[in-house]
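Taking it in order: structure first as structure tokens, then the write-up.
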Amino acid sequence: MRIVLVGPPGAGKGTQAQFIASHLAIPRISTGDIFRYNVTNRTELGRQAREFMERGDLVPDEVTVAMVRTRLSEEDAQEGFLLDGYPRNVPQAVILEKMLASEWGAKLDVVLELVVDEDEVVRRLSGRRTCRVCERVWHVLYDPPARVAVCDDCGGELFQRDDDSESTIRHRLEVYTLQTAPLVSFYADEGTLIGIDATGPVEEVTSRALAALRPFVH
Ligand code: AP5
């Protein structure tokens, strides 16, 4: 099954993607996570992406598309995948469609939109903390660890992402409205879009997501 998850920064894409991908036994492919790994490890890809990420801008399409093509070619993605954070604009969506058709003779099964309002997104992102070791995502109010700044799962140190400062969050939301929101209409016109309310407890959102995806599971 080939799924795209779309929604504003902080909608809970990463949080939901891990449950959905594990439930459907497909790999979760997060372009944001791949970029952050490369920035942390000071690779050439990380060097190309870093300044854009720090500002909250999109990394240029040619860099992102090449990275996604390489990742989709890996063994574990041949029978399906859940893309989290890609595509991020209409040109990336068009390239993905062509890439799937020409290289795999495949197409997307469904695009799942997580719908959350802007105030909630800002609350979620400003309280987000991530584990340096296992990358588990926490929230200081909504999903707090038992000990401050320590991951319950692995004991790793929790940190706040560089792009989660209030001014960068606002800029990321502008970028979403201008560049990513048009994707929703693009996929709605294609008939592949389903949207769910992504507010409320994490488990309830997961149940809604799995129920919405059920008709597409094959
Ligand atoms: P990326 O990492 O994709 O960031 P994003 O889209 O801004 O999304 P986030 O990771 O911030 O949020 P999320 O929706 O995953 O929310 P989460 O589950 O963590 O991209 C980062 C950067 O990389 C981009 O700015 C760009 O520069 C670059 N990039 C990536 N892809 C690109 C592309 N295709 N093209 C070009 N550039 C690209 O949840 C947030 C918080 O809320 C957490 O604390 C969580 O615990 C909490 N939470 C989650 N669900 C709930 C709930 N139901 N109730 C209460 N709290 C909740």
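General observations
- The set of residues in the stretch 146-167 that are outside any loop (DSSP other than H, G, I, E, B) and without any contact (Cβ under 8 Å) to a residue 40 or more places away in the chain comprises Val150, Glu157, Leu158, Phe159, Asp164, Ser167.
- Which numbered condition Tyr37 misses (of (1) surrounded by fewer than 18 Cβ atoms within 10 Å (Cβ to Cβ); (2) modelled with pLDDT of 95 or more; (3) under 16 Å from the mean Cα position of the chain (by Cα)): (2)
- In the stretch 11-47, residue nearest to Val116 (Cα to Cα) [restricted to those that are among the polar types (S, T, N, Q) and more than 9 Å from the ligand (Cβ to nearest atom)]: Ser22
- The listed residue being within 11 Å of the ligand (Cβ to nearest atom), open to solvent by 50 Å² or more (accessible area, probe 1.4 Å), hydroxyl-bearing (Ser, Thr, Tyr) and more than 18 Å from Gln16 (Cα to Cα), out of Ser167, Ser185, Ser126: Ser126
- Selection from the stretch 150-164 of residues that are open to solvent by less than 50 Å² (accessible area, probe 1.4 Å) and within 14 Å of the ligand (Cβ to nearest atom): Cys151, Leu158, Arg161, Asp163, Asp164
- Hits in the stretch 188-205 (condition: surrounded by fewer than 18 Cβ atoms within 10 Å (Cβ to Cβ), in contact with a helix residue (DSSP H, G or I) (Cβ under 9 Å, 6 or more places away or on another chain) and not in a strand (DSSP E or B)): Glu190, Thr199, Gly200, Val202, Glu203
- Within the set Glu118, Glu79, the sole residue that is within 17 Å of Arg2 (Cα to Cα) and either open to solvent by less than 70 Å² (accessible area, probe 1.4 Å) or more than 10 Å from the ligand (Cβ to nearest atom) (or both) turns out to be Glu79.
- Looking across the stretch 138-149, just one residue is open to solvent by less than 50 Å² (accessible area, probe 1.4 Å) and in contact with a Gly (Cβ under 6 Å, 6 or more places away or on another chain), and that is His139.
The values are calculated or read from the model by the stated rules, or taken from the named source; none is laboratory data. Please read these numbers as outputs of a predicted model, since none were measured by experiment. Here Cβ is always computed from backbone atoms with ideal geometry, including for glycine, and neighbour counts include all displayed protein chains. The area values use the complete protein model at the heavy-atom level, side chains included, leaving out ligands, DNA and RNA. Shrake-Rupley method; radii C 1.70, N 1.55, O 1.52, S 1.80 Å.
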